[in-house]
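Engineer: Okay, here's the structure, questions in a sec.
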Amino acid sequence: MSLSKGGCFLNTSADLDAGLDLNLVFPLPVERMISTRARVLHRFADGARLEFTKTPPETEAIVSSYVHSQLATR
C-alpha cells in the first residue's frame, strides 16, 4: 500500500503481532526483487506497518531511489 526507505504498510489479513520479525520479499516495477528483514510495528484491521531491519545498503539505495522517483512524478 505504501513504501518508504525505512519501511512499508502491508495490506494483509494475516495475524501479524507487533514485534514479529519477518523475511520480506517484494517486487519493484524497476525489475528488481527486494529482500529484507522487517519488524511489525503496528497491526491494523486492514494491514500492518513494517519497519525494515538489516537491509543491505544496496537494497536500501534501490528502494530509496524508487521512492524518490515516484514522488518526483506526482
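Bear in mind that the values in this text are calculations on the coordinates, not laboratory data. Just so it is clear, the structure is predicted and the values come from calculations on it, not from any experiment. Don't worry about glycine lacking a Cβ; one is built from the backbone with ideal geometry, like all the others, and counts go over all protein chains shown.
Engineer: Any idea which of 35, 13 is of a type outside the set (A, V, I, L, M, F, W, C) and loosely packed, with under 11 Cβ neighbours inside 10 Å? Spell out the reasoning first.
Structural biologist: Working: 35 fails: loosely packed, with under 11 Cβ neighbours inside 10 Å.
Among 35, 13, only 13 is of a type outside the set (A, V, I, L, M, F, W, C) and loosely packed, with under 11 Cβ neighbours inside 10 Å.
Engineer: Across segment 41-67, what is the number of residues that are touching a Leu at 6+ places or on another chain (Cβ under 9 Å) and within 15 Å of residue 4 (Cα to Cα)?
Structural biologist: 10
Engineer: Every residue in segment 29-56 that is out of contact with any strand residue (DSSP E or B) (no Cβ under 6 Å at 6 or more places or on another chain), assigned to a strand (DSSP E or B) and under 17 Å from residue 67 (Cβ atoms), please.
Structural biologist: Once the filter is applied, which keeps residues that are out of contact with any strand residue (DSSP E or B) (no Cβ under 6 Å at 6 or more places or on another chain), assigned to a strand (DSSP E or B) and under 17 Å from residue 67 (Cβ atoms), segment 29-56 yields only 32.
Engineer: Given the criteria touching a Leu at 6+ places or on another chain (Cβ under 8 Å) and on the phi < 0 side of the Ramachandran plot, does residue 28 qualify?
Structural biologist: Working: touching a Leu at 6+ places or on another chain (Cβ under 8 Å): no; on the phi < 0 side of the Ramachandran plot: yes.
It is false that residue 28 is touching a Leu at 6+ places or on another chain (Cβ under 8 Å) and on the phi < 0 side of the Ramachandran plot.
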